[in-house]
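Remarks on the structure that follows.
The values are calculated or read from the model by the stated rules, or taken from the named source; none is laboratory data. All figures in this text were calculated on a predicted structure; none of them were measured in a lab. FYI the Cβ positions are ideal-geometry reconstructions off the backbone, even for glycines, and counts take in every protein chain you see. Only protein heavy atoms, including side chains, enter the accessible area calculation; ligands, DNA and RNA are left aside. Shrake-Rupley method; radii C 1.70, N 1.55, O 1.52, S 1.80 Å.
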Amino acid sequence: MALREDTHPAPGAAPVPGGAGPVPAAVAALVAGWDLPARLSAADAVIAEDERLVLLEDAAALDFASERGLAPGWYALDLRIRAPIPVKPRLYVDLDGRFEERYAFNLKAGARGSYSAFFRLPRPALALRLQLSRVRLELQVENCRLRRLSALELALAGLRAGRASLRKGPSGLLRFLAGAAGTLAKRDFDSFDEGGSAPPPPLTVQERYRRWAGIEEVSAVRLLAGYREGRLGIAGPPPSFAVVLPATAGGGPATAMALRGTLEAQPYPHWSLHEADPGSGGSPAAALLAAARSLPADAGDWVLLAPPDARFARHALVAFAHAVAGHREAVLAYCDEDRIGEDGHRCDPVFRPAWSEALYHARDYLGAVLAVRASALRDAGPTGPGSAPLTRLVLRHAGTPGAIVHVDSVLVHRTGRAQPIAWEDPAARTPAVAEALSGRATVAYDPVRQGNRVRWRLPDPVPLVTLVVPTRDRADLLAVCIGSVLGKTDYPAYEILVVDNGSVEPATRDLFAELARDPRVRILEWPGAFNFSAINNAAAAAARGEILVLLNNDTEVRDPEWLRELAGWVMQPDVGAVGAKLLYPGGTVQHGGVGLLSRRGVAGHLHLGEPGNARGYQDRLLLPQDLSAVTAACLAVRSAVYAEVGGLDAENLAVAFNDVDFCLRLRRAGYRVVWTPYAELVHHESVSRGDDMAPDKKARFLKEVDHMARTWGAALEADPFYSRHFDRGNGNFMPRAD
């Protein structure tokens, strides 16, 4: 293949921002214009770039010291902040040799980004600490001024505040005067106008994303600063990239020039640009492979595949280099992306999960820009029509831990009305996936879901499944659950183990007697206080099946193939647990998998409340996928694996989060957790047990939250399958706004 090659020369190294000591010179230069009776003494997690302060941590702050101390009296602080989101500046005063919360207050927000505060020092203050925001952020600070108030200024400020109190009537004025008199009579630390800004109005998805994009720029600044200062830990020669534009991806000279412009703006110098011969033909992926094989040996360690409408973020090559250098076994790296709308704003983010074998079997979700190790491309298989060489390459290496790397940062912006890139025809991927599965499954393309349907082959005879159904009375629910299993399940080998947790109602006893007539049903007595974990552990010990399915008594089978689907997945040697799609009786989604949210929130159901026929975020309600956890309301696991990891935690997690903890222990042991939409049930969520936040259960629930936070810590903050860029308040795939 003929190539037109442009090699980018390495520029000189960019100067390192800041100087020696605790105060970077660039920060000192920006702060030097502030009107403060104190000098900047420290900048904690603050750097400066392009006339902006960049806060690298949530608790970033500027410290100011006064050699003689600020004299006792009343002070006014005023400043203006330009930031992509409302901020909450906070001032700390050092009155006793350290900064304490009792000597701290929020500044009051005014118009057009202005903030102000009055405060009184009862004795000389040794230092001040200004925390400009409580989140990582890039911002500009203008006209920061701190001055001591004269008696006249203090009186005028009081008059203004008193006039405002008149709006609340005579009683409001009297309350103000009484409070002001008490404040002036004191000799303690105090402040007027303490408080933050009003809660912002609800935001649209695009507004949330614009705010997120402004905040996330801090991560880019931090990464670039680390690169310039040599702190990224890239051992050995830096990775080099040959950027190849496939001819069949379309675009003209203008788009190619725009792409080149974003490459030339990269501070990372180790790249070259190559354009495939327009006459090469074939799929974009085939053109990539052909181009890679025609590259000079020294063109690059990695081939970067990009469509012409891509615009690289300023930190893109640094981020790719950092990612692949940190994974010596890496063969392919992919990233997140968004789009630049017609108004010039960034929009439509695509936040991808980490490597998910189940999702990749169904669809190529890796995106528009891929970095592929050049040696792997040269060793790839045939590139003829319909060969899906990229899919074959990925699946050939996917079994190696760390071979597929997700860079969870938006490194590329696409333009106009860009559609998701298809490097290969989906029809060509189907036989490639089937070949990779070596006859263990049938693979067929599903045009409705626009992805491959993988049906795993089961042994002959199929393994026995034990369905474990805990219950306490509620015969009405149990009758529906067991009746739907017996009446609709087409799987030929299963038993139902109903675990009775102290039922007392005659209707329940009558139902037990009726169910016991069916040889597929057994009743296991388990008296005592409700402990979901202990109940299931006892049932697992009594089960006869090679597969266990934990099944709530308030579920209802809809699809005859549900159990065959679960059994097929869970019999794969590397799969530890598999969960089903659960719908509320009204048809909305109750469980589309579980996402880890935070130490405080622990976990939540994905796509909760969406219509049952919705496609979900990036079609994830339609396609099987690897996840961190699934709910035990319907969870399949091999009996031997259940025993291997110790079952559910009956001591610390009697009711809540035992399934999340169980799935995390499975993943720690090297097993995958999979969710499939092809097993669908109705779930009358917790109808028989009630609300976890009822007063009599709240203490137990909070204790279980605390146990999860102590046990799993940072893992709850970093779900590989639910992007860190999503809001942590729920699992509904909303971009973070703060």
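Take the residues of region 265-293 that are small (Gly, Ala, Ser) and at pLDDT 80 or above: which is most open to solvent (accessible area, probe 1.4 Å)? Spell out the reasoning first.
Of region 265-293, the ones small (Gly, Ala, Ser) are 265, 272, 276, 279-283, 285-287, 290-292.
Right, trim to at pLDDT 80 or above and you get 265, 272.
On the way: ALA265: 70, SER272: 6 Å².
Here the answer is ALA265.
Suppose we filter ASP460, ASP473 for residues that are in a loop (DSSP other than H, G, I, E, B) and within 30 Å of THR508 (Cα to Cα); which single one remains? Let's see the steps before the verdict.
Numbers: ASP460 fails: within 30 Å of THR508 (Cα to Cα).
Of ASP460, ASP473, the one residue that is in a loop (DSSP other than H, G, I, E, B) and within 30 Å of THR508 (Cα to Cα) is ASP473.
Is it the case that some residue within region 615-637 is in a loop (DSSP other than H, G, I, E, B) and on the phi > 0 side of the Ramachandran plot? Explain how you work it out, then say what you get.
Let us first name the residues in region 615-637 that are in a loop (DSSP other than H, G, I, E, B), namely 615-616, 620-624, 627-628, 630-633.
Remaining after also requiring on the phi > 0 side of the Ramachandran plot: 616.
Yes: one or more hits.
Pull up region 186-230, narrow it to residues that are farther than 26 Å from PRO86 by Cα and at pLDDT below 80, then point me to the one that is most open to solvent (accessible area, probe 1.4 Å). Give the derivation first.
Keep residues of region 186-230 that are farther than 26 Å from PRO86 by Cα, which gives 186-189, 226-230.
Filter again for at pLDDT below 80, leaving 186-189.
Numbers: LYS186: 102, ARG187: 173, ASP188: 97, PHE189: 38 Å².
Restricting to residues being farther than 26 Å from PRO86 by Cα and at pLDDT below 80, the top hit is ARG187.
Take the residues in region 660-718 that are under 28 Å from ASP476 (Cβ atoms), in contact with a helix residue (DSSP H, G or I) (Cβ under 9 Å, 6 or more places away or on another chain) and charged (D, E, K, R); name whichever of them is modelled with the lowest pLDDT.
Among those that are under 28 Å from ASP476 (Cβ atoms), in contact with a helix residue (DSSP H, G or I) (Cβ under 9 Å, 6 or more places away or on another chain) and charged (D, E, K, R), it is ARG689.
For region 561-576, indicate whether the set of residues that are modelled with pLDDT of 95 or more, of a type in the set (Gly, Ala, Ser), open to solvent by 10 Å² or more (accessible area, probe 1.4 Å) and not in a loop (DSSP other than H, G, I, E, B) is non-empty.
In the first step, residues of region 561-576 are kept if they are modelled with pLDDT of 95 or more; the result is 561-576.
Narrowing further to those that are of a type in the set (Gly, Ala, Ser): 567-568, 576.
When the remaining residues are screened for being open to solvent by 10 Å² or more (accessible area, probe 1.4 Å), the result is none.
So far as region 561-576 goes, no, none of its residues is modelled with pLDDT of 95 or more, of a type in the set (Gly, Ala, Ser), open to solvent by 10 Å² or more (accessible area, probe 1.4 Å) and not in a loop (DSSP other than H, G, I, E, B).
Mind checking whether some residue in region 465-475 is under 30 Å from TYR617 (Cα atoms), touching a helix residue (DSSP H, G or I) at 6+ places or on another chain (Cβ under 8 Å) and open to solvent by 40 Å² or more (accessible area, probe 1.4 Å)? First the steps, then the outcome.
Step one: of region 465-475, the residues under 30 Å from TYR617 (Cα atoms) are none.
No: zero hits.
When the residues of region 311-370 are narrowed to those that are among the β-branched types (Val, Ile, Thr) and assigned to a strand (DSSP E or B), which ends up farthest from PRO238 (Cα to Cα)?
Of all residues in region 311-370, those among the β-branched types (Val, Ile, Thr) come to 318, 324, 331, 340, 350, 369.
Next, only the ones that are assigned to a strand (DSSP E or B) stay: 340, 350.
On the way: ILE340: 30, VAL350: 28 Å.
So, considering only residues that are among the β-branched types (Val, Ile, Thr) and assigned to a strand (DSSP E or B), the one farthest from PRO238 (Cα to Cα) is ILE340.
Regarding LEU53, is this residue crowded, with 21+ Cβ neighbours inside 10 Å and not in a loop (DSSP other than H, G, I, E, B)?
yes
PRO492 - would you say it is in contact with a Gly (Cβ under 8 Å, 6 or more places away or on another chain) and open to solvent by 10 Å² or more (accessible area, probe 1.4 Å)? Don't jump to the end; show me each part of the working.
Working: in contact with a Gly (Cβ under 8 Å, 6 or more places away or on another chain): no; open to solvent by 10 Å² or more (accessible area, probe 1.4 Å): yes.
The answer is no for PRO492.
Within region 500-547, which residues are within 23 Å of TYR642 (Cα to Cα), among the aliphatic types (A, V, I, L, M) and buried (at least 19 other Cβ atoms within 10 Å of the Cβ)?
VAL521, ALA534, ILE535, ALA538, ALA539, ALA540, ALA543, ILE547
So which residues in region 66-107 are basic (Lys, Arg) and buried (at least 19 other Cβ atoms within 10 Å of the Cβ)? Spell out how you get there, then give the answer.
If we filter region 66-107 for residues that are basic (Lys, Arg), which is where we start, we get 68, 80, 82, 88, 90, 98, 102.
Passing the criteria: only ARG90.
Residue check, GLU561 against (1) touching a residue at least 12 places away in the same chain (Cβ under 8 Å); (2) of a type in the set (Asp, Glu); (3) out of contact with any strand residue (DSSP E or B) (no Cβ under 8 Å at 6 or more places or on another chain), all met but one. Which one?
(3)
Condition (residue is closer than 15 Å to VAL682 by Cβ, of a type in the set (Val, Ile, Thr) and under 21 Å from the mean Cα position of the chain (by Cα)) applied to region 579-601: is it met by at least one residue?
Looking for residues that are closer than 15 Å to VAL682 by Cβ, of a type in the set (Val, Ile, Thr) and under 21 Å from the mean Cα position of the chain (by Cα), one finds at least one in region 579-601, hence yes.
Going by the conditions given, is VAL410 open to solvent by less than 20 Å² (accessible area, probe 1.4 Å), assigned to a strand (DSSP E or B) and either among the aromatic types (Phe, Trp, Tyr) or under 19 Å from ALA292 (Cα atoms) (or both)? Steps first, answer last, please.
Values: open to solvent by less than 20 Å² (accessible area, probe 1.4 Å): yes; assigned to a strand (DSSP E or B): yes; either among the aromatic types (Phe, Trp, Tyr) or under 19 Å from ALA292 (Cα atoms) (or both): no.
So VAL410 does not fit the description; no.
Can you give me the number of residues within region 525-561 that are in contact with an Asp or Glu (Cβ under 7 Å, 6 or more places away or on another chain) and closer than 16 Å to THR466 by Cβ?
Count: 3.
Select from region 17-50 the residues that are closer than 23 Å to ARG98 by Cα, modelled with pLDDT under 85 and surrounded by fewer than 18 Cβ atoms within 10 Å (Cβ to Cβ) and list them in ascending order.
GLY21, PRO22, ALA45
Anything in region 577-603 that is among the small types (Gly, Ala, Ser) and open to solvent by 10 Å² or more (accessible area, probe 1.4 Å)? List them, or say none. Steps first, please.
From region 577-603, those among the small types (Gly, Ala, Ser) are 577, 579-580, 586-587, 592-593, 595, 598, 601, 603; that's our starting set.
GLY586, GLY587, SER598, GLY601, ALA603 - these are the residues of region 577-603 that are among the small types (Gly, Ala, Ser) and open to solvent by 10 Å² or more (accessible area, probe 1.4 Å).
What single numbered condition from (1) closer than 30 Å to GLU264 by Cβ; (2) under 22 Å from the mean Cα position of the chain (by Cα) fails to hold for ALA354?
Of the numbered conditions (1) closer than 30 Å to GLU264 by Cβ; (2) under 22 Å from the mean Cα position of the chain (by Cα), the odd one out for ALA354 is (1).
Identify, please: which residue in region 479-514 is of a type in the set (A, V, I, L, M) and either farther than 19 Å from LEU548 by Cβ or assigned to a loop (DSSP other than H, G, I, E, B) (or both) and is, among those, farthest from the chain's Cα centre (by Cα)? Outline the logic, then answer.
So the first thing to find is which residues in region 479-514 are of a type in the set (A, V, I, L, M), and the list is 479-480, 482, 485-486, 493, 496-499, 504, 507, 511, 513.
The next check asks that each one be either farther than 19 Å from LEU548 by Cβ or assigned to a loop (DSSP other than H, G, I, E, B) (or both); those that pass are 479-480, 493, 504, 507, 511, 513.
Values: ALA479: 40, VAL480: 37, ALA493: 39, VAL504: 45, ALA507: 47, LEU511: 45, ALA513: 49 Å.
So, considering only residues that are of a type in the set (A, V, I, L, M) and either farther than 19 Å from LEU548 by Cβ or assigned to a loop (DSSP other than H, G, I, E, B) (or both), the one farthest from the chain's Cα centre (by Cα) is ALA513.
For the condition at pLDDT 95 or above and charged (D, E, K, R), what is the one hit in ASP336, ASP379? Can you show your working first?
Numbers: ASP379 fails: at pLDDT 95 or above.
Among ASP336, ASP379, only ASP336 is at pLDDT 95 or above and charged (D, E, K, R).
Which condition does SER66 not pass, out of (1) within 34 Å of the chain's Cα centre (by Cα); (2) farther than 30 Å from ARG314 by Cβ; (3) among the polar types (S, T, N, Q), if it passes all the others?
(1)
Can you pull out the residues in region 112-127 that are open to solvent by 10 Å² or more (accessible area, probe 1.4 Å) and touching a residue at least 40 places away in the same chain (Cβ under 8 Å)?
Restricting attention to region 112-127, the residues satisfying the condition of being open to solvent by 10 Å² or more (accessible area, probe 1.4 Å) are 112-116, 118, 120, 122-124, 126-127.
Within region 112-127, SER116, PHE118, ARG120, PRO122, ARG123, PRO124, LEU126, ALA127 qualify.
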